[in-house]
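Working notes for the structure below.
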Amino acid sequence: MTSPELEMALRETLSRQAGPSRAVPDLAGPAIRAARRIRRRRSAAAASVVAVAVAAATVSGWQLAGSAADRGAHVPVVDAARAVAPPAMTPTPTPTPSAEPLAAAGHLTPQPLAAIRTPPVDLVVAARLDTTDGERMDLSVLGTVTQARRGDEGWLVVATAPAGRPALWFVTPAHPPKPLLPTADAVALAPDGRHVSWLATGRTSVAAVTAGRLTGIRQTPVPPRSRPIGFVGDGVLLTRQLSGGEIEGYDIWWPERGPYQPAWNTSLIGVYGPLPDGRTVVAQVAGEAGRPCLALLDADRGLPVVKRACALPLAAGGPGTVSPDGRWLMANSSPSTPAGAATAFPAPTALLVELPTAFRPRPASRKAGPRLTGAAVWTDPGTVIHPGGAAELVRVSADRLADGDPTAVERVPVPGARPDDQLIVVPGAAG
């Protein structure tokens, strides 16, 4: 509807509301005149912003890939609902067809530094915590920060002291950091920032965090070289390590079922994360000739492989993350062409996979910008952020990337960060 049509509709609406009085004033006139003034001011302001943005992009823009022609054809993506049910848990043989050709991510769109007041996610920058609320907290007294989560009433921070053992702290802007676990052999934080598991003296424990205290603690003995590394629903994900640090098996302890009963799966290369049901795990297993394959595991029955797909060009091991609704997997791609795959990578990149298609003959996937180098955070079911390089983050819009939008991968400079500062994105703040 045009502006004149909007003005006419407004006059008619307000005239009807005024009723059939003899001398009805022009009720719409003042509102319309005010709206015109606002439109003129906004038009002038928009022109100024565009000019500044163009200038900033000219100075700081950089290109990940070539022209639109170089990026390849659009990969069809199934129009799945946001809340995606886990794929059917029926064992299937390894697919042999190749993966859908991957289109490049296009230009990485820079965000002008002056426009960023706070980080898009809570963020540990070297020895401080910067939050989306504008808070800045000094963490230098804790040691080297390795993990952090935002909970309901504060932040859980795992830091390693000079002696090399991790400790768990509860951090708020109004009070000094509070030690919850002065020392442990290993600590794992739940994504929601409300639960924690730790290893100490040969026992794995799990607890809730309430008002800055550990509550409802449960413990179980675990075999030597076992340690908690994460959560699968209400279960604690465990690994067993060799003397050199290599992982030789994965398992899950379900605290509500009592003491841990070992049932190690030694065929896994790595675990990306659970699906929303809390009972299905997205992982990586070794396929033919040792090449990595994507797999679904049944967490209720000791992590057996119930589905696998070997056509995706995944890098062996390394980080990865599953979106909160279970639709997307973000992982690293292989720099070479796996046997049977159609796409070669001149350099490794991040890879976005639509999970509902992953176990079909031609899975839908896209190159998704720089590789993951550590943890990533989903700020909503379709947007993921991870450290991308010196003093910057990478933000990927999965839906836009799947639609072929070359601006779906953006780099976001971190205000006040130095090139050698470690960046850790903090889950639990937005999404």
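Odds and ends about this structure:
- Between residue 360 and residue 192, full extension at 0.36 nm per residue minus the direct alpha carbon distance yields a gain of 57.3 nm.
- Working note: Karplus 6.51/-1.76/1.60 with θ = phi - 60° gives region 229-246 the couplings 10, x, 10, 10, x, 8, x, 9, 7, 10, 10, 10, 10, 6, 5, x, x, 5 Hz, where Gly and Pro are set to x.
- The distance between label points at residue 163 and residue 225 comes to 2.6 nm (points 7 Å beyond Cα on the Cα→Cβ vector).
- Note on residue 133/residue 183: beta-carbon distance plugged into 1/(1 + (r/R0)^6) with R0 of 35 Å gives a FRET efficiency of 0.70.
- Subtracting the Cα-Cα distance of residue 140 and residue 218 from their residue separation scaled by 0.36 nm leaves 25.0 nm.
- Length added when fully stretched, residue 203-residue 418, from 0.36 nm per residue minus Cα-Cα: 73.4 nm
- With a simple spin-label model that places each label point 7 Å from the Cα along the Cα-to-Cβ direction, the separation between residue 261 and residue 174 comes to 4.7 nm.
Coordinate-derived values only; no laboratory data. Note that the structure is predicted; figures quoted are calculated from it, not measured. Note that each Cβ is placed from the backbone with ideal geometry, even for glycine, and that neighbours are counted across all protein chains shown.
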